[in-house]
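Here is the structure we will look at.
The values are calculated or read from the model by the stated rules, or taken from the named source; none is laboratory data. Just so it is clear, the structure is predicted and the values come from calculations on it, not from any experiment. Cβ atoms come from the backbone with ideal geometry, glycine included; neighbour counts cover every protein chain shown. Just so you know, the surface numbers come from the protein's heavy atoms only, side chains and all, with ligands and any DNA or RNA stripped out. Shrake-Rupley method; radii C 1.70, N 1.55, O 1.52, S 1.80 Å.
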Amino acid sequence: MSNTLVLIDALNLVRRIFSIEPNQENLAAVQNTAQRVSAATQKILNLTSATHAIAVFDGAASWRYHYYKQYKSTRKPMPAQLSKNMLMIEQAFESSGIPVYRPEQDEADDIIATLASKASKADIKVKIISTDKGFLPHLDQNIDIYDYFKKTWLDKRQIKEKFLVEQAQLTELWAMAGDKTNDIPGISGVGVKTAQKLLNEYFTFSKVLESNDLKPTEKKKLSLGLDDYVISKNLVTLRTDIHLGFNLKNLRLNR
């Protein structure tokens, strides 16, 4: 029997489930969320025929917050009732037989990307459960991404239709245009449409910079925004080299 590793972006799942609760200041909202998380987890395990799985939470503050002070600075904090009762949510995952991992500092995205990369290189099938677009550059022959809320498996065709660039160009697109949801700056004056146009014409950012055919205004914006591009590229690129302290054997499910 082949192995299938399921990686659940825990807060991505939890916060969307919690968001439908009408009275979020009440403990009952967390209790309802915990029940729905448990049910969702069972559906995910059945759908994927998982042999191994883990639900990954965010650590307190990843390297990105130290690297760029404005990172996620305008994002709304987690609702207080959910935040103070997060243990109940973790237990909902564990009651479904899935181990929970909460790193001290690293973001869940980097942990998941590291696990997925290592497993894929070992020719193990990986199923990432998240709506976060940051995982899309890691989609490959062994790594699938599932949007639980849209009940959809994402693929390269959908990437092209949504972002109008190839999968390999995604991080450069986001680094050029920025990402308002995470307060990633991008290059000032270069929006999504301009970034898409340039990448479709030259394919890579380095080729864009080398071009002698750019408009003077475009050339100036790119030159002045080079430092912000580098910062943004680092921010949008998920790490795949996090030291984890556990291996695949620790994630085997008893089903």
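Please state, rounded to one decimal and in Å, the Kirkwood hydrodynamic radius that segment 112-162 gives when every pair of distinct Cα atoms enters the mean of 1/r. Kindly include the intermediate steps, with their values, before the conclusion.
Working: mean 1/r = 0.0900 Å⁻¹.
Here the Kirkwood hydrodynamic radius works out to 11.1 Å.
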Check: Given charges of +1 on the Cβ of Lys and Arg and -1 on the Cβ of Asp and Glu, with all other atoms neutral, how large is the dipole of segment 112-255 about its Cα centre, in debye to the nearest 20?
Finding: 520 debye
Check: What length, rounded to one decimal in nm, is gained on full extension from SER188 through to LEU226, with 0.36 nm per residue of separation minus their alpha-carbon distance?
Finding: 12.7 nm
Checklist line | Three principal axis lengths of segment 139-245 [C-alpha, angstrom, descending] | finding: 45, 34, 24
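Cβ neighbours within 10 Å, averaged per peptide: list 6-12, 82-88, 34-40 in order, most packed at the top.
Numbers: 6-12: 25.7, 82-88: 14.1, 34-40: 18.3.
Top to bottom by mean Cβ count within 10 Å: 6-12, 34-40, 82-88.
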Check: GNM on the chain, C-alpha springs below 10 Å: top fluctuator among LYS151, LYS233, LYS219?
Finding: LYS151
Item checked: Beta bridges per DSSP with both ends in segment 99-188, % antiparallel, nearest 5 -> 50 percent
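What translational D, rounded to a whole number of µm²/s, comes out for segment 86-139 from Stokes-Einstein when the hydrodynamic radius is the Kirkwood one over Cα pairs, at 20 °C and 1.002 mPa s?
Numbers: Rh = 12.7 Å.
The diffusion coefficient I find is 169 µm²/s.
Please report the antiparallel percentage of the DSSP beta bridges confined to the chain, to the nearest 5.
Working: 5 of 21 bridges.
Roughly 25 percent of the beta bridges in the chain run antiparallel, per DSSP.
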Check: Are any of the pairs LYS43/LYS76; LYS133/LYS221; LYS133/LYS162; LYS180/LYS215; LYS156/LYS197; LYS69/LYS220 more than 22 Å apart by Cα-Cα distance, and if so, which?
Finding: LYS43/LYS76; LYS133/LYS221; LYS180/LYS215; LYS69/LYS220
Check: By how many degrees, 0 to 90 and rounded to 10, does the Cα axis of helix 192-202 deviate from the longest principal axis of the chain?
Finding: 70 degrees
Checklist line | Total formal charge among the other residues, if their Cβ is under 14 angstrom from that of LEU154, Lys/Arg +1 and Asp/Glu -1 | finding: +1
Check: What is the spread of the Cα atoms of the chain along each of their three principal axes, largest first, in whole Å?
Finding: 60, 46, 33
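Give me the net charge of LEU47's neighbourhood, meaning all other residues with Cβ under 10 Å from the Cβ of LEU47; Lys, Arg count +1, Asp, Glu -1. Write out the running numbers ahead of the final one.
Details: positive: LYS43, LYS127, LYS151; negative: none.
With Lys, Arg at +1 and Asp, Glu at -1, the neighbours total +3.
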Checklist line | Stretch in the chain that is longest and holds no GluC sites (Glu not before Pro) that DSSP places in a loop and that have at most 15 other beta carbons within 10 Å | finding: 167-255
Item checked: Accessible area per residue, Å², segment 83-168 with all protein chains present, probe 1.4 Å -> 49 Å²
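Rounded, prolate or oblate: which fits segment 1-67 when a ≥ b ≥ c are the square roots of the eigenvalues of the alpha-carbon gyration tensor, with rounded for a/c under 1.5 and prolate only if a/b beats b/c? Spell out each step's value before the answer.
Details: a/c = 3.38, a/b = 1.17, b/c = 2.88.
Here segment 1-67 falls in the oblate category.
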Check: Quick one: which of 223-232, 182-191, 241-250 comes out on top by average Cβ neighbours within 10 Å, and what's the full order, highest first?
Finding: 182-191, 223-232, 241-250
